[in-house]
Amino acid sequence: MPDIPGPRPPRTDAAAALPRPAERAPAQPPARLTPADHELLLTLLATPTASPLETGGEGPRLWEAGRMYAAAAGALGFATVLHAPADPAVLDRDDVPEPVRAAAAREPGFLDCQPNLVLRLGPRLPREATLMFNVHLDTVGGVWPAHFDGTRFCGRGAIDAKGPAVALLAGIRAARAADPALGTRVGVVIQAVAGEEGGAMGTFGTRPLVEQGFTGRLNLFCEPTGHRYLPRVTASMTACVRVRGEDAVDDRPEAGHNATVLLGHISSYLAQFLPPRIVDGRVCVAGLHTGHQHNRVYGSGELLLNISYGSPAAGRAGEAAVEQALREALTDFTSRTSGLPDLARTAADAAAITSLHWRKRGLPALESRGRTPWAETLLEQHAALPRWPDDEPSFTCDAIWLNGIPDTYTAVFGPGELDANRAHADGEYADLDQLDRYADEIARVAVGFTRLVLRGTDPTTHSDDSTESDHARSAAARPENEERTTPR
């Protein structure tokens with residue numbers, strides 16, 4: 001219906017602080033990546049930064065990549081406030097995945113070659129006047145020559161997540177040109193982390209930075225979401241079904257335990273009957289290994305499962321479901337094979353030689369808090385971003401570590417699609433128009449957040465004593481242009 005002239009009661013909610021369409025300044029020119037941005041991305045793609053958890057120990061060149069990224073950000077006014085690996089103590093926690101702890105114990109310098117980078121634009125401001133972006137510079141394994149044909153970047157990390165990281169800088173550059181208050185009265189923090197890939201789950205990357213207080217009122221994680229914002233993120237747990245029996249020669253298979261047949265049956269049973277019991281996640285029946293030779297019966301082996309979940313309660317329920325389904329699979333195996341001579345011993349001993357071990361569990365998930373008007377108005381109306389559908393499954397990323405942080409809003413938001421852009425697969429790519437579009441969306445978010453802060457209660461007048469931990473305050477006491485590194 002048409003507006004009726006007359007007095008309107010004042011609105012005091014944060015969403016009202018955003019300018020209505022008629023009040024907004026003329027749209028700023030669209031953000032675009034420059035030739036220098038293209039060169040930066042190609043150089044980053046040509047710099048191997050695969051997680052040691054992916055490569056088996058080969059050291060990534062993350063220090064080099066971080067310095068390149070910091071130099072490009074420095075040209076926009078960002079200061080490096082931290083560039084260092086995590087303290088080894090961060091791995092002494094029960095929820096750190098077992099492969100991470102094992103790699104750190106096995107490989108000297110495991111953390112030293114995986115530094116985290118924190119960049120800050122503007123003075124150190126209270127959380128409510130700060131916008132935080134998280135990108136990761138580590139990648140999965142697999143390297144091939146990076147190239148750009150004028151429309152498409154190809155190389156490991158093109159979409160996950162070096163391409164989005166470069167587009168982020170282009171977006172902030174455009175936002176600063178549109179509103180100089182960004183970087184003066186409103187701050188930006190960029191976390192450029194290691195430890196995202198390889199199953200590390202941010203335990204020595206994003207989590208320690210969040211605990212040190214490098215967060216904002218709005219926190220965006222730059223992962224491929226098809227240009228939609230996703231306010232909920234699953235965590236995952238990894239189960240290992242282990243069989244420890246006796247080997248046998250191929251001419252006498254009945255003399256030993258056949259772990260290959262037993263684990264094969266278990267994997268098939270779990271693939272059929274476990275997924276319906278995981279109500280808000282997915283089940284991945286992953287690697288199965290017993291041996292490589294053709295002339296022996298392998299008595300030992302392992303089966304890996306990865307199960308995602310959307311809340312801690314769902315995670316605990318998922319653990320119980322795995323345990324119950326495994327018991328059922330063993331009973332089913334025994335009933336089906338006890339009458340087969342070659343498998344009779346395996347059937348009789350199946351429960352005794354099979355055990356369940358957890359390589360990863362107990363991690364938080366980013367739970368949706370329901371509707372948050374100020375954030376949704378900013379993202380949907382000012383920045384014109386669609387929301388990820390509530391009935392579409394989400395995925396796992398480091399945003400889990402923002403769960404439960406008060407007075408904040410966190411979402412995952414990035415260009416491209418994990419599957420369509422071949423993230424984690426050969427031929428990974430990002431199209432230039434995807435990155436240009438993302439840069440423009442980042443600019444709209446940053447300008448909208450700046451105007452939200454300035455039109456609301458001015459948080460720059462508040463003390464920041466309660467917004468960051470003592471550790472963070474101590475770190476920030478250094479001059480903002482001083483790079484903190486670990487001696488090498």
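The values are calculated or read from the model by the stated rules, or taken from the named source; none is laboratory data. Quantities reported herein were computed from a predicted structural model and do not represent experimental measurements. Cβ atoms come from the backbone with ideal geometry, glycine included; neighbour counts cover every protein chain shown. All accessible areas refer to the heavy atoms of the entire protein, side chains included, with ligands and DNA or RNA removed. Shrake-Rupley method; radii C 1.70, N 1.55, O 1.52, S 1.80 Å.
Net charge within 15 Å of residue 95 by Cβ-Cβ distance, Lys/Arg positive one each and Asp/Glu negative one each, not counting residue 95 itself? Local net charge: +1. A crude spin-label estimate for the pair residue 152 and residue 251, with each label 7 Å from Cα along the Cβ direction, gives 5.6 nm. Using a probe radius of 1.4 angstrom, the carbon and sulfur fraction of the accessible surface of the chain is 51%.
Each of 111, 153, 73 was placed along the dipole of the stretch 73-207 (beta-carbon charges, centred on the mean Cα), and the one lying farthest toward the positive end is 73. Rounded to the nearest 20 debye, the dipole magnitude of the stretch 62-156 is 360 debye, with +1 charges on Lys and Arg beta carbons, -1 on Asp and Glu beta carbons, and the Cα centre as origin.
With 0.36 nm allotted per residue and the present C-alpha distance subtracted, the residue 228-residue 28 stretch has 69.9 nm of extension available. Solvent exposure of the chain, expressed per residue, is 42 Å² of accessible area, with all protein chains present and a 1.4 angstrom probe. Compared with the alpha-carbon gap, the fully stretched path from residue 271 to residue 313 is longer by 12.9 nm at 0.36 nm per residue.
Taking a point 7 Å out from the Cα of residue 293 in the direction of its Cβ, the residues of the stretch 235-267 whose backbone N falls within less than 13 Å of it are 247-252.
Each Cα pair under 8 Å and six or more residues apart adds its sequence gap; the mean of these over the residue count of the chain is a relative contact order of 25 percent. Rounded to the nearest 20, the size of the Cβ-charge dipole of the chain about its Cα centre is 980 debye, with Lys and Arg at +1 and Asp and Glu at -1. What FRET efficiency comes out for the pair residue 320/residue 369, r = Cβ-Cβ distance, R0 = 22 Å, nearest 0.05? The calculated FRET efficiency here is 0.25. Its Cα centre serving as origin, the stretch 234-289 has a Cβ charge dipole (Lys and Arg +1, Asp and Glu -1) of approximately 360 debye.
Can you give the net charge of the other residues whose Cβ lies under 11 Å from the Cβ of residue 193, counting K and R as +1 and D and E as -1? Its environment carries a net charge of -3. Centre-to-centre separation between the Cα atoms of the stretch 192-258 and those of the stretch 430-454: 30 Å. Considering only beta bridges that DSSP places wholly inside the stretch 26-179, some 90 percent are antiparallel. Annotation: the antiparallel percentage among DSSP beta bridges lying fully within the chain is about 70. Each principal axis of the Cα atoms in the stretch 94-233 has its own extent, and those three values, largest first, are 49, 42, 28 angstrom.
Rounded to 0.05, the FRET efficiency of the residue 286 and residue 89 pair, given R0 = 30 Å and the Cβ-Cβ distance, is 0.50. Compared with the direct C-alpha span, the chain from residue 357 to residue 380 gains 3.9 nm at full extension, assuming 0.36 nm per residue. Rg over Rh for the chain works out to 1.04, both radii taken from alpha-carbon positions and Rh defined as the Kirkwood radius. For the stretch 202-261, the Kirkwood radius over C-alpha pairs fed into Stokes-Einstein at 4 °C and 1.567 mPa s yields D = 76 µm² per second. Span-like helix check, the chain: no full DSSP H segment qualifies, none having both a Cα axial length of 30 Å or more and a mean Kyte-Doolittle of 0.5 or more.
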